[in-house]
Amino acid sequence: MKKKIRAAVVGVGYLGKFHAEKYAAMDTVELVGVVDIHQARADEIASHVGAKAFYDYRDLFGLVDAVSIAVPTPLHFEIGKVFLEQGVDVLMEKPITVTTEEADILIDIADKKGLILQVGHLERFNPAIRAVKALVNHPVFIESCRMSLYKERGTDVSVVLDLMIHDIDIISHFVHSGIKYCHAMGASVVSDTVDIANAHIEFDNGTVAKVTASRIANKNERKIRMKYNPKSVSRMTRILFPIVVTIIAGLVAPASIALVGFLMFGNLIRECGVLRSLSDTAQKDMVNLITLLLGITIAASMKAELFVSLDTMKIMALGLLAFVFDTIAGASFAKFMNLFLKEKVNPMVGAAGISAFPMSSRVIQKLGLEADPQNHLLMHAVGANVSGQIASVIAGGVIIGLMSGLM
């Protein structure tokens with residue numbers, strides 16, 4: 001029977017936990033233990049994977065054949081060097097070290113001792129990358145853009161070593177050529193290291209690469225895809241919905257019953273299926289006629305000296321402010337929900353809840369497609385918008401009822 005590899009994980013934070021779980025699930029590996037200077041964290045992960053907790057990596061000497069090192073980058077060299085000198089194979093989380101000089105020292109030790117020193121560049125093993133690799137022979141121009149929300153984890157090194165290094169590794173995996181020229185620029189925005197960077201790389205074989213990385217972007221939120229499973233809704237449900245909503249609105253906010261009732265009545269005559277002519281008239285000719293009559297009535301009774309006043313300007317400003325805060329609140333609440341949801345909500349859908357603008361759902365669909373051409377958010381946004389319209393009418397009725405009681 002083949003002897004199991006005795007392995008351990010040094011540093012069981014966000015990434016180290018994954019290493020421990022993988023080792024624990026492998027039949028050919030014996031997970032000797034996990035190490036973390038935070039004892040509570042070490043105990044938690046050790047219990048989770050069924051291994052022993054250690055609080056000092058030196059306690060592993062003589063007990064392991066291989067280790068994963070997932071500590072903060074500035075500690076990679078110190079800990080990696082000690083384990084290599086102990087004759088232990090090392091899987092190092094990226095980046096290998098802070099400087100190339102440190103990396104060369106580790107590589108030299110591993111070569112002299114015949115040990116494995118592997119860096120955790122997993123992107124090249126991504127199924128999509130492996131599939132494309134078989135199709136691309138000599139790329140002429142490569143452009144990559146990797147954006148991420150700001151996370152404090154990883155800010156001990158620049159965005160180049162934190163994020164861009166993934167794309168640099170993939171590009172070098174495709175090009176297989178030395179670098180002739182490189183020009184890069186970056187800026188520190190929220191941390192003490194570079195948070196956004198851009199590099200222009202020219203290779204000896206003529207390939208040109210343009211690489212951009214940022215960890216202070218919000219675009220990846222716009223790319224959140226939400227599953228949409230179209231399901232048929234029975235005719236009975238479509239008929240009962242406006243009736244039930246009207247009854248509930250009447251009980252909760254009687255003052256809103258007129259507006260909610262007319263809104264739901266339009267749905268009812270459309271869905272019942274026996275008033276097709278009336279439904280078509282209500283959706284087209286009647287709506288246009290009522291809109292025209294309302295405009296004429298308001299315009300005829302509106303006096304310039306009454307309308308063009310400071311109070312009117314205040315009302316318009318408050319309305320604009322309400323729209324702004326409605327949009328911000330919707331997007332912010334969606335972000336808050338994402339803290340607890342397994343399947344994330346695209347925050348833009350929350351912004352579609354502004355009831356005064358039915359077109360907001362189409363705006364959200366447009367922005368979603370700009371961020372990801374395969375991201376279709378229209379139905380989700382429409383659902384939020386319709387819900388916002390119904391809720392705002394009921395909320396208005398509740399406020400009118402409260403104010404009437406106070407006056």
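Output the residues belonging to the stretch 246-269 that are of a type in the set (S, T, N, Q) and free of Cβ contacts under 8 Å to residues at least 40 places away in the same chain. Walk me through how you get there before you give the answer.
If we filter the stretch 246-269 for residues that are of a type in the set (S, T, N, Q), which is where we start, we get 246, 256, 267.
Matches in the stretch 246-269: T246, N267.
Kindly indicate which of G80, G114 is of a type outside the set (F, W, Y), at positive phi and out of contact with any His (no Cβ under 7 Å at 6 or more places or on another chain).
Numbers: G80 fails: at positive phi.
It is G114.
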Q: Out of the residues in the stretch 1-58 that are within 14 Å of V71 (Cβ to Cβ) and among the basic types (K, R), state the one that is surrounded by the most Cβ atoms within 10 Å (Cβ to Cβ).
A: K17
**Q.** Filtered residues of the stretch 203-219 (kept if outside any loop (DSSP other than H, G, I, E, B), under 18 Å from D169 (Cβ atoms) and not polar (S, T, N, Q))
**A.** F203, V208, A209, K210, V211, A213
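Within the stretch 376-386, does at least one residue satisfy the condition of being over 28 Å from F262 (Cβ atoms) and not in a helix (DSSP H, G or I)? Give the steps one after another, and end with the answer.
Initial filter on the stretch 376-386 (over 28 Å from F262 (Cβ atoms)): 376-377.
After this cut, where a residue has to be not in a helix (DSSP H, G or I) as well, the list is 376-377.
Yes, the stretch 376-386 contains at least one residue that is over 28 Å from F262 (Cβ atoms) and not in a helix (DSSP H, G or I).
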**Q.** Test for F323: is it surrounded by 12 or more Cβ atoms within 10 Å (Cβ to Cβ) and not polar (S, T, N, Q)
**A.** yes
Q: Only residues in the stretch 82-106 that are within 16 Å of L63 (Cβ to Cβ) count as the first member; pair them with residues that are aromatic (F, W, Y) and crowded, with 19+ Cβ neighbours inside 10 Å, Cβ under 9 angstrom, at least 6 apart or cross-chain, and list the lot.
A: V82/Y57; F83/Y57; D89/F83; V90/F83
Q | Residue that is modelled with the lowest pLDDT, among those in the stretch 1-54 that are assigned to a loop (DSSP other than H, G, I, E, B) and under 19 Å from K94 (Cα atoms) | A | G13
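Working carefully through the options M226, M302, M286, find the one that is farther than 30 Å from V175 by Cα, touching a Leu at 6+ places or on another chain (Cβ under 7 Å) and either outside the structural domain of I394 (by TED's automatic domain parsing) or at pLDDT below 85 (or both).
Numbers: M302 fails: touching a Leu at 6+ places or on another chain (Cβ under 7 Å); M286 fails: touching a Leu at 6+ places or on another chain (Cβ under 7 Å).
None of the others qualify; the one that does is M226.
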Q: Report yes if T73 is β-branched (V, I, T) and more than 28 Å from the chain's Cα centre (by Cα), otherwise no.
A: no
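The values are calculated or read from the model by the stated rules, or taken from the named source; none is laboratory data. Everything quoted here is computed from the prediction, not taken from an experiment. Note that each Cβ is placed from the backbone with ideal geometry, even for glycine, and that neighbours are counted across all protein chains shown.
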